[in-house]
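What follows draws every value from the coordinates through simple rules; no lab data is involved. Predicted, not measured: the structure shown is a model, and the values here were computed from it. Cβ coordinates were reconstructed from backbone atoms using ideal geometry, including for glycine residues, and neighbour counts include every protein chain displayed.
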Amino acid sequence: MEHNYLLENEKPEFDTRITAWLNSQSDIPWGKIPYPVALCHNGKLYREVIAQGLGEYVSLTAFLRSIGLENMLSSRASLHQYGAVFATPETCAAYKNPQALTV
């Protein structure tokens, strides 16, 4: 999975767990359909992860849910190029309209 930080936004405490999990994943050497996922902290998108194929996307979203994060978008929504935006339940409650999020 490709992943990188967006600008110099503050990183949340849970980011170290995400980094460790991402580093433990093996790279797929061939291209598949990309599934871009954003991570949000304090109303700002701070990191993106590009899952390669549906299998990686399902693994990624299951992991993010397992550490207590929630997808802020409905199943038919997108934000910028992201099909999912994960954040803490508190951030999800504070930002009912994901269009208000910034990078």
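Here are a few things to note about the model shown:
- The chain - Rg (one decimal) and Dmax (whole number), Cα, Å: 12.8, 39
- Cβ-based exposure ranking for 73, 39, in which fewest neighbours within 10 Å come first: 73, 39
- Net charge of the neighbourhood of residue 34, taken over other residues with C-beta under 13 Å away and scored Lys/Arg +1, Asp/Glu -1, is -2.
- Relative contact order for the chain: 30 percent, from Cα pairs under 8 Å spaced at least 6 residues apart, divided by residue count.
- Entry note, the chain: the mean residue ellipticity at 222 nm calculated from DSSP H runs of n ≥ 4, each adding -39500 (n - 2.57), is -8000 deg cm²/dmol after division by the residues and rounding to the nearest 500.
- Residue 96-residue 21 pseudo-label distance in nm [points 7 Å out on the Cα-to-Cβ vector]: 2.8 nm
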